[in-house]
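Report on the structure given below.
The values are calculated or read from the model by the stated rules, or taken from the named source; none is laboratory data. Not measured: the values here are computed from a predicted model. Reconstructed Cβ throughout: ideal geometry from the backbone, glycine too, with neighbour counts over all protein chains shown. We work out accessible area using only protein heavy atoms, side chains counted, and drop any ligands, DNA or RNA first. Shrake-Rupley method; radii C 1.70, N 1.55, O 1.52, S 1.80 Å.
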Amino acid sequence: MGQGVLGATTLSVKAATKQYGDFHALKDCSLDVRAKTIVSIVGPSGCGKTTLLWAMSGLNPLTSGEVILDGTPITRPRPEVGLVFQEANLLPWRNLMDNILFPFEIKGQKPDRAWIDHLLERVSLKGFEKSFPNELSGGMQQRASIVRALSLQPSVLLMDEPFGALDAFTREEMNQLVEEIWLETKTTIVFITHSIEEALFLSDQVVVLTPRPGRVLNIYDVPFERPRTLEIMSSKAVFDLTNRIKADIYSQHTARRAAAE
Amino acid sequence: MSKDVVGGKVGKGLQSLSTFGSGTTRLEVFAIIATAVIVIGGLELALRWFEVPLYILPPPSAIVKGLIKDFPLILPHLGHTLVVLLSGFAIGAGVGMFLAALITQFPFAEKIIAPYILILVTTPMLALVPLLILRFGFGYEPRIIAVALASGPMVMINSATGFRRVDANKIALARSYGASTLQIFWKVRAPMALPMILVGLMIGAIFGLLTAVGSEMVGGGFGLGNRLTTYSSMIRMPEFFGVVLILSFLGILIYVIFFLIGKKWASWET
């Protein structure tokens with residue numbers, strides 16, 4: 001798969017603008033995602049995070065601007081890009097294995113059984129292949145959807161608030177799982193979240209967006225070593241970074257309120 | 001699995017259709033059989049005790065006897081009714097499902113067609129049978145057309161409800177893997193609509209049965225409907241009720257068939 005040199009830009013968003021009528025969901029939004037890194041996008045609701053991610057996936061084309069993956073613009077879904085949705089989005093009439101095989105069925109491609117087995121083992125879903133989604137917990141469903149996205153061995157994985165609906169403990173477990181998978185595969189990940197804590201735990205960079213119109217406000221490097229231990233995560237450096245990002249988001253609230261008055 | 005559950009993992013099926021078969025225990029089975037024996041036996045005894053004349057209400061034993069005696073005579077009529085029902089239903093259901101799949105792709109066209117579908121659904125198609133007989137004679141055709149007209153719209157409105165239940169995220173999922181419109185239809189829309197389609201097929205088949213029998217009562221010399229009018233005009237009530245028994249059996253059979261299909265293919269929807 002076409003992965004760039006370590007550190008080189010794989011995915012770049014250039015002056016992305018998305019308009020729905022008069023409403024600007026995104027305006028001149030630009031950012032670069034280096035290959036084999038995890039980048040989180042945070043920001044208040046309605047700041048166009050999901051719009052941006054869907055543009056990266058090629059599902060929802062931009063009004064103007066472009067998304068470039070390894071030198072070619074993304075205008076429609078590409079096999080190198082995997083997508084994980086807010087809800088697990090499994091097909092309820094298929095069992096877990098048939099859900100994971102769904103992309104291969106659509107593409108008419110032979111699945112790599114050994115890789116899928118390995119992934120299932122990794123996310124502790126071995127033995128649940130025949131279970132139906134309504135028999136699995138929310139965390140298990142979302143793990144299955146991650147396996148589905150990784151089964152095609154994408155070079156970029158886009159995750160749209162994947163753990164937003166899970167309880168706090170399951171969410172932490174899932175974060176660790178994503179880190180483990182990343183350490184093994186070094187898949188470039190773009191991760192959308194509401195949680196600053198989650199963003200800092202996972203990312204090499206955190207991008208803060210402003211709402212209405214969605215625009216990049218600040219980009220923070222998160223230079224801590226991996227795996228990120230409780231020790232690192234409770235350090236002063238992380239605490240300070242958290243507060244800076246919070247300040248960014250609060251400043252938006254006050255700016256908006258001032259504009260409203 | 002609990003030990004005395006008959007039939008294992010039942011009860012997930014089309015819950016919207018029934019509460020039947022949901023984890024029936026041995027005790028419940030016994031109670032159901034015992035109740036049936038008491039009701040039927042009680043009816044038999046009561047009718048004999050009060051010496052109710054045969055032409056008002058024959059006792060169960062007389063009905064079974066009459067049915068067995070006349071069964072060779074009734075059998076070809078049953079065949080006729082089944083031909084009418086199955087061909088009419090196949091045409092109606094096929095057209096109904098096709099139209100439902102088609103119109104739900106065009107919400108604008110759907111709004112325009114909706115009132116006509118409603119008229120077809122609410123008008124008893126039996127009313128058209130005398131007209132159809134004038135045009136097509138006393139053969140199979142008018143009855144098959146009536147059955148198709150009765151079952152088709154039922155299948156169509158329910159299937160359309162199913163096809164309309166689009167989940168944008170599931171379609172986006174398929175699109176993210178480069179699925180074509182046709183793949184999206186067969187792999188996402190159709191399975192999602194299946195539970196509602198099955199409900200439509202079941203209701204359509206029951207309406208088809210009603211219309212088939214009704215149309216045979218209106219005119220012509222064949223079919224279970226014709227047997228009903230013949231036996232009642234001859235005041236042969238045991239045989240008359242025998243035919244009614246066959247008709248209820250057909251209705252139950254339709255229900256069970258679709259219930260089992262639903263349990264197999266649509267049990268994901270609880």
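Summary of values
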{"read-out": "Check on A:Thr242, without any contact (Cβ under 8 Å) to a residue 60 or more places away in the chain and among the β-branched types (Val, Ile, Thr)", "value": "yes"}
{"read-out": "Residue selected from segment B:140-184 under the condition part of a helix (DSSP H, G or I), under 30 Å from B:Pro124 (Cα atoms) and among the basic types (Lys, Arg), by the criterion nearest to the chain's Cα centre (by Cα)", "value": "B:Arg143"}
{"read-out": "Spans of helices (runs of 4 or more DSSP H) in segment A:190-261 with at least 2 residues open to solvent by less than 30 Å² (accessible area, probe 1.4 Å)", "value": "A:196-202, A:236-260"}
{"read-out": "Residue count, segment A:65-78 (criterion: away from every other protein chain (no Cβ under 12 Å), open to solvent by 40 Å² or more (accessible area, probe 1.4 Å) and touching a residue at least 12 places away in the same chain (Cβ under 8 Å))", "value": "4"}
{"read-out": "Test: B:Ser61 is among the hydroxyl-bearing types (Ser, Thr, Tyr) and over 30 Å from B:Ala193 (Cα atoms)", "value": "yes"}
{"read-out": "Qualifying residue in segment B:194-212 (condition: within 14 Å of chain A (Cβ to nearest Cβ) and not in a helix (DSSP H, G or I))", "value": "no"}
{"read-out": "Test set (1) at pLDDT below 90; (2) part of a helix (DSSP H, G or I) - B:His80 fails condition number", "value": "(1)"}
{"read-out": "In segment A:19-30, the residues that are open to solvent by 10 Å² or more (accessible area, probe 1.4 Å) and not acidic (Asp, Glu)", "value": "A:Gln19, A:Tyr20, A:Gly21, A:Phe23, A:His24, A:Lys27, A:Ser30"}
{"read-out": "In segment A:79-93, the residues that are at the interface with chain B (Cβ under 8 Å from one of its Cβ atoms) and under 19 Å from B:Phe185 (Cα atoms)", "value": "A:Asn89, A:Leu91, A:Pro92, A:Trp93"}
{"read-out": "Flag if B:Ile119 is open to solvent by 20 Å² or more (accessible area, probe 1.4 Å), over 25 Å from B:Phe258 (Cβ atoms) and of a type in the set (A, V, I, L, M, F, W, C)", "value": "yes"}
{"read-out": "Qualifying residues in segment A:38-64 (those that are buried (at least 18 other Cβ atoms within 10 Å of the Cβ), touching a Lys or Arg at 6+ places or on another chain (Cβ under 9 Å) and away from every other protein chain (no Cβ under 14 Å)) - the one farthest from B:Gly178 (Cα to Cα)", "value": "A:Gly43"}
{"read-out": "Count of segment B:157-189 residues which are surrounded by fewer than 21 Cβ atoms within 10 Å (Cβ to Cβ), within 14 Å of another protein chain (Cβ to nearest Cβ) and touching a residue at least 40 places away in the same chain (Cβ under 8 Å)", "value": "1"}
{"read-out": "Members of segment A:98-140 found to be within 14 Å of chain B (Cβ to nearest Cβ), assigned to a helix (DSSP H, G or I) and more than 22 Å from A:Thr188 (Cα to Cα), listed by number", "value": "A:Asp98, A:Asn99, A:Leu101, A:Phe102, A:Glu105, A:Ile106, A:Lys107, A:Pro133, A:Asn134, A:Glu135"}
{"read-out": "Criterion (among the aliphatic types (A, V, I, L, M) and either at pLDDT 85 or above or open to solvent by 50 Å² or more (accessible area, probe 1.4 Å) (or both)) met by exactly one of B:Val10, B:Val39", "value": "B:Val39"}
{"read-out": "So A:Gln205, is it of a type in the set (S, T, N, Q) and at pLDDT 90 or above", "value": "yes"}
{"read-out": "Filter result for the condition that a residue is open to solvent by 10 Å² or more (accessible area, probe 1.4 Å) and under 26 Å from A:Thr193 (Cβ atoms), over A:Gln142, A:Gln176, A:Gln109", "value": "A:Gln176"}
{"read-out": "Condition check for B:Ile235: within 14 Å of another protein chain (Cβ to nearest Cβ) and not hydroxyl-bearing (Ser, Thr, Tyr)", "value": "no"}
{"read-out": "Count of segment B:218-268 residues which are open to solvent by less than 60 Å² (accessible area, probe 1.4 Å) and part of a loop (DSSP other than H, G, I, E, B)", "value": "7"}
{"read-out": "Which numbered condition B:Leu73 misses (of (1) surrounded by fewer than 19 Cβ atoms within 10 Å (Cβ to Cβ); (2) over 30 Å from B:Met237 (Cβ atoms))", "value": "(2)"}
{"read-out": "Criterion (without any contact (Cβ under 8 Å) to a residue 60 or more places away in the chain, within 30 Å of B:Ile246 (Cα to Cα) and under 16 Å from the mean Cα position of the chain (by Cα)) met by exactly one of B:Val84, B:Val121", "value": "B:Val121"}
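Table: residues versus (1) of a type in the set (Gly, Ala, Ser); (2) without any contact (Cβ under 8 Å) to a residue 60 or more places away in the chain; (3) more than 14 Å from chain A (Cβ to nearest Cβ).
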residue: B:Gly221; (1), (2), (3): yes, no, yes
residue: B:Gly242; (1), (2), (3): yes, no, yes
residue: B:Ile254; (1), (2), (3): no, yes, yes
residue: B:Phe258; (1), (2), (3): no, no, yes
residue: B:Ala266; (1), (2), (3): yes, no, no
